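Notes follow the structure.
None of the figures in this text is laboratory data; all of them are computed from the coordinates on show. In this text, all values refer to a predicted model and were calculated from it rather than measured experimentally. Note: ideal-geometry Cβ built from the backbone for every residue, glycine included; neighbour counts use all protein chains shown.
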């Protein structure tokens, strides 16, 4: 497994050429891109307790993946006040359910929001193509040491600012989707998912297509089934499928310590790796696979977005291939 060289851009250079970032199609990190945020110096445990301690937050497990499957559908979740969990997050022996993931806390707490500044690179951007968050507001991620986000993709670009602690990030191109061992869902399995009880038309269509391929040879059946879905699914169908997969779109392979006996194809990938430090700003293009692990107790802030002009480097066909890679007959 060979590593790609990660593009590092200094803050001064980034400001000079930021208008060119509208056609973004490769990951990079702007070293010191948010180093002047007040949050970089201020966001200690005591400061967060004082400024936002009485605000409610949802806490979730430190890892969203176990036994080869995404746990997001069935994971434990608790709503607590920030001051009742912040000590646990900074504790070496933090409990499993202690991760504040993708929280809207900054939208509700103006005193914290004043400590950050929206990156200038978002000036010509527009909110999401998919109705995932319903807002262009930043999200905050607060987690203990060794919090892990398993290898997954998102349908938007991502500017990701590291505020407190260090994080290891691994990123793979969508061109390598066939090597990432996406977690699979059979059409029969989808019947039991709450999402599809509310979207029965899509489930019926998937079942109808499946009937045509059940008599084919196993390996050929999966491929033929997906090829048929590419032709038949409407934009509305694809959008609904994306909404479902966003909660379960992990990959079986452990990107940081892969088991090549279980996942031999992953050895053919060429991942990008980087250690984020406080003040760094990372860019991840849409539909690129990414994995995070907190090296230390960590706080990050990010914006999901799409620019006015999407990069031509990822076709609609590729996007659909990534989505359908999670389905099996």
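What the table shows:
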{"quantity": "Segment 56-116 and segment 265-295: distance between their alpha carbon centers, rounded to Å", "calculated": "21 Å"}
{"quantity": "Three semi-axes of the equivalent ellipsoid, segment 238-324, Cα gyration tensor, whole Å, largest first", "calculated": "23, 21, 14"}
{"quantity": "Most to least packed among 248-261, 146-159, 191-204 [average Cβ atoms within 10 Å]", "calculated": "146-159, 248-261, 191-204"}
{"quantity": "Burial order of peptide ranges 228-236, 278-286 (average beta-carbon count within 10 Å, highest first)", "calculated": "278-286, 228-236"}
{"quantity": "Calculated FRET efficiency for the pair residue 44/residue 191, C-beta based, R₀ 35 Å, to 0.05", "calculated": "0.10"}
